[in-house]
Number of protein chains: 2
Amino acid sequence: VDERVIVSREPFNAETRLDLQQGPLTPPGRHYARSHFAQPDPPASVTVGGAVGDPHAFTIAELRALPSRSATVTLECAGNGRSFLRPPAPGEQWALGAVSTAEWTGVALRSLLEPRGLSPATVEILFRGADAGTPPGTGRRIAFERSLPLDRALADDVLVAYAMNGGPIPTEHGAPLRLVVPTWYGMASVKWLAEIVALEQPFRGFYQAERYVIGDRPLREMRPRAVIVAPLGEVAAARSTPIRGYAWSGHGPVARVEVSTDGGTTWRDARLGAAISPAAWREWTVEWMPDRGEHELIARAIDAAGEAQPLQARRDPLGYENNAAQPARIVAA
Amino acid sequence: VDERVIVSREPFNAETRLDLQQGPLTPPGRHYARSHFAQPDPPASVTVGGAVGDPHAFTIAELRALPSRSATVTLECAGNGRSFLRPPAPGEQWALGAVSTAEWTGVALRSLLEPRGLSPATVEILFRGADAGTPPGTGRRIAFERSLPLDRALADDVLVAYAMNGGPIPTEHGAPLRLVVPTWYGMASVKWLAEIVALEQPFRGFYQAERYVIGDRPLREMRPRAVIVAPLGEVAAARSTPIRGYAWSGHGPVARVEVSTDGGTTWRDARLGAAISPAAWREWTVEWMPDRGEHELIARAIDAAGEAQPLQARRDPLGYENNAAQPARIVAA
């Protein structure tokens, strides 16, 4: 029994059930999954090569012998919220559940890169998964590949992870090794990681230049978003009812969550739960005493960088970054 | 397939596989489990009663509507390490795997107690599980019951938890509600929590006065311990080999871990990993270049309160709190 909402079986894409989310972590079996091709055979090692003086293939055992780091990270698909666009945009029709949080453990990417002797001309680091196929309309077989600018790749928080919530990474989440790029949309966290390549020219592959872009800009940090996880559907009228949800942003910590119970006419600040990690969502709650009748609940996040979640969708032709606050209809009886 | 080491099937007692531990968290299916009786039917609510002005039975839905708290907590059975005692002590024969770490989410116990109007004469809070049976040799049927002194019960860190690593608590770990008392041995974290009772006299029940005691002192905080999780068995000679493990103490943060590779003749300080929570174990590592032959590895923890893990077992008749550093034999070939 998969407790998720299956969006497509082949390749496997599934949303988490936000109504089941409790506490900061999502169990791996309920974590949203995004894949572009069939799940590959797990690579036995990851190669660090390209413009480096001393290339090396690291086995899992070698990585596990290095100092480990752990981080609690919210990952969100850049297509989360796409299904609310009218007319529809192409791509997987995600509602709001293409987001989840896990504790990832592994080694700092920089600790694998720096000892290899990067060429001074290095501008980007490319990550290649073991998964490959022919994207519709392209007619050519490619691997899933995505690059990071050098400074982002060398930041302390980027992990080559071998564990998720304390266990080995499940196949669907990228076993045995997954790149984890906190604060960025999930496309940067390359699964089934097989190759790490130092590049002296910017990468222009399909998933860098034709998908996961807005215009000619490759997608980066997650835009702020708040989601409501409870209540859903029907509630008792004239009884104090908590409204509960999560909020996150890749551009800085969530500073405030505003909640409206009247379709956006009036707004109140929600109480924020503990900030457990700079890269993880934050729980929020607000009390509500609903009158009998139908109500429209809206929550929106504002981050420390001052960016507020919009109330209207910004329409991108490929349906990325639709972080518009999504009203939820509740009947109080 | 249970990935644990089964110590007894009925009641269910199982150790975690420390050799599989990665990062701070243990997945619920690998978390050690301790039970005294058969698993009970899950209680539908938890009653707060006894010496209070306004008793109340909380449903799970009511608890989930209250502000939530999450904490990463290492729980250890007070009998962990008992199997190394010679002659053997009675009780479950735990090796070193009766310890695991999870993120628990729920409500602060104090937030359930204080609004009920505690009698000023309250001295202890009693916790009763839904599990019951007749302990061998007693001839009477009792529930699993354990109390906390009032000040410990009202401390901020004690949780009535409804989630474990982001999911509902599995049956074997106390579904739907478990008391979680960070820094204390696991017997205080009552599973299948059904009743919370304010007492004006100290509790003297079986698991408070006849078990989980040393002499007439009920057990409390975990003593410091370090465990080695790698390497195990055989290693390659003359190759740099990391020694890796975890360390914890309920009496204060771990200040230092010392490692010997020559049976205790010489000692080196291990490098400590990040302290992710005041109540969670801490990973440690040390590099080792083994000569060909047999070696005796020992790790010991020293906590911030100055308590050092002993090298010799302190023998308690019931085999509790045996935190002696346990040598591991490794062959380098």
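Before we move on, is A:Arg314 free of Cβ contacts under 8 Å to residues at least 12 places away in the same chain and either within 20 Å of the chain's Cα centre (by Cα) or assigned to a strand (DSSP E or B) (or both)? The answer is yes for A:Arg314.
Counting only residues that are aliphatic (A, V, I, L, M) and free of Cβ contacts under 8 Å to residues at least 60 places away in the same chain, the range A:260-281 holds 4 of them.
Of everything in the range B:246-256 that is more than 14 Å from chain A (Cβ to nearest Cβ) and part of a strand (DSSP E or B), the residue that is most open to solvent (accessible area, probe 1.4 Å) is B:Arg256.
So, of the residues in the range A:1-58 that are outside any loop (DSSP other than H, G, I, E, B) and of a type in the set (Asp, Glu), which turns out to be modelled with the highest pLDDT? Working first, answer last.
Our first condition is that a residue be outside any loop (DSSP other than H, G, I, E, B); within the range A:1-58, this holds for A:5-8, A:13-15, A:18-20, A:28-30, A:33, A:45-50, A:52, A:56-58.
Filter once more, keeping what is of a type in the set (Asp, Glu): A:15, A:19.
Values: A:Glu15: 97, A:Asp19: 93.
In this case the residue turns out to be A:Glu15.
Remark: pairs (first residue in the range B:282-299, touching a residue at least 60 places away in the same chain (Cβ under 8 Å) and more than 27 Å from B:Thr183 (Cβ to Cβ); second residue in a loop (DSSP other than H, G, I, E, B) and of a type in the set (Ser, Thr, Tyr); Cβ separation under 7 Å; 6+ apart in sequence or on different chains) = B:Leu297/B:Thr261. The single condition among (1) surrounded by 17 or more Cβ atoms within 10 Å (Cβ to Cβ); (2) within 14 Å of chain B (Cβ to nearest Cβ); (3) not basic (Lys, Arg) that A:Ala236 does not satisfy is (1).
Number of residues in the range A:287-308 that are in a loop (DSSP other than H, G, I, E, B) and either surrounded by 13 or more Cβ atoms within 10 Å (Cβ to Cβ) or modelled with pLDDT under 95 (or both): the value is 5.
Take A:Gly97 and decide whether it is closer than 30 Å to A:Val229 by Cα and touching a residue at least 24 places away in the same chain (Cβ under 8 Å). Against the criterion (closer than 30 Å to A:Val229 by Cα and touching a residue at least 24 places away in the same chain (Cβ under 8 Å)), A:Gly97 qualifies. Restricting attention to the range A:166-181 and to residues that are open to solvent by 10 Å² or more (accessible area, probe 1.4 Å) and outside any loop (DSSP other than H, G, I, E, B), the residue that is nearest to A:Ala153 (Cα to Cα) turns out to be A:Arg178.
Taking the listed residues A:Leu75, A:Leu118, A:Leu126, the one that is under 15 Å from the mean Cα position of the chain (by Cα) and over 30 Å from B:Ala270 (Cα atoms) is A:Leu75, with no other qualifying.
For the range A:48-68, a residue qualifies if it is exposed (fewer than 15 other Cβ atoms within 10 Å of the Cβ), within 13 Å of chain B (Cβ to nearest Cβ) and touching a residue at least 24 places away in the same chain (Cβ under 8 Å), and exactly one does: A:Pro67. Quick one: B:Gln93 ticks every box in (1) more than 24 Å from B:Gln39 (Cβ to Cβ); (2) out of contact with any Pro (no Cβ under 9 Å at 6 or more places or on another chain) bar one, so which box is it? The single condition B:Gln93 does not satisfy is (1). Being touching a helix residue (DSSP H, G or I) at 6+ places or on another chain (Cβ under 9 Å) and surrounded by fewer than 16 Cβ atoms within 10 Å (Cβ to Cβ) is the filter here; which residues of the range B:124-149 pass it? The answer is B:Thr138, B:Arg140.
Selection within the range B:265-286: residues that are of a type in the set (A, V, I, L, M) and outside any loop (DSSP other than H, G, I, E, B). The member of this set that is most open to solvent (accessible area, probe 1.4 Å) is B:Leu272. Are any residues in the range A:7-47 within 14 Å of chain B (Cβ to nearest Cβ), open to solvent by less than 20 Å² (accessible area, probe 1.4 Å) and over 15 Å from the mean Cα position of the chain (by Cα), and if so, which ones? Selection gives A:Gln21, A:Gln22, A:Gly23. Answer yes if at least one residue in the range B:70-79 is within 14 Å of chain A (Cβ to nearest Cβ), in a helix (DSSP H, G or I) and surrounded by 20 or more Cβ atoms within 10 Å (Cβ to Cβ), and no otherwise. No, every residue in the range B:70-79 fails to be within 14 Å of chain A (Cβ to nearest Cβ), in a helix (DSSP H, G or I) and surrounded by 20 or more Cβ atoms within 10 Å (Cβ to Cβ). When each of B:Gly250, B:Gly215, B:Gly205 is tested for being closer than 30 Å to B:Ser147 by Cβ and modelled with pLDDT under 95, the lone residue that passes is B:Gly215. On the basis of being touching a Phe, Trp or Tyr at 6+ places or on another chain (Cβ under 6 Å) and open to solvent by less than 20 Å² (accessible area, probe 1.4 Å), does B:Ile243 make the cut? Taking the combined requirement at face value, the residue satisfies it.
For B:Arg4, the requirement of being more than 20 Å from B:Leu126 (Cβ to Cβ), among the charged types (D, E, K, R), within 14 Å of chain A (Cβ to nearest Cβ) and under 25 Å from the mean Cα position of the chain (by Cα) is met. Inspect all residues belonging to the range A:200-220 and state whether any of them is more than 30 Å from B:Ser277 (Cβ to Cβ), within 14 Å of chain B (Cβ to nearest Cβ) and buried (at least 20 other Cβ atoms within 10 Å of the Cβ). Checking the range A:200-220: not a single residue is more than 30 Å from B:Ser277 (Cβ to Cβ), within 14 Å of chain B (Cβ to nearest Cβ) and buried (at least 20 other Cβ atoms within 10 Å of the Cβ).
The values are calculated or read from the model by the stated rules, or taken from the named source; none is laboratory data. In this text, all values refer to a predicted model and were calculated from it rather than measured experimentally. Please note: Cβ atoms are built from the backbone with ideal geometry, for glycine as well, and neighbour counts cover all protein chains shown. In case anyone asks, the SASA skips ligands and DNA or RNA and just uses the protein heavy atoms, side chains included. Shrake-Rupley method; radii C 1.70, N 1.55, O 1.52, S 1.80 Å.
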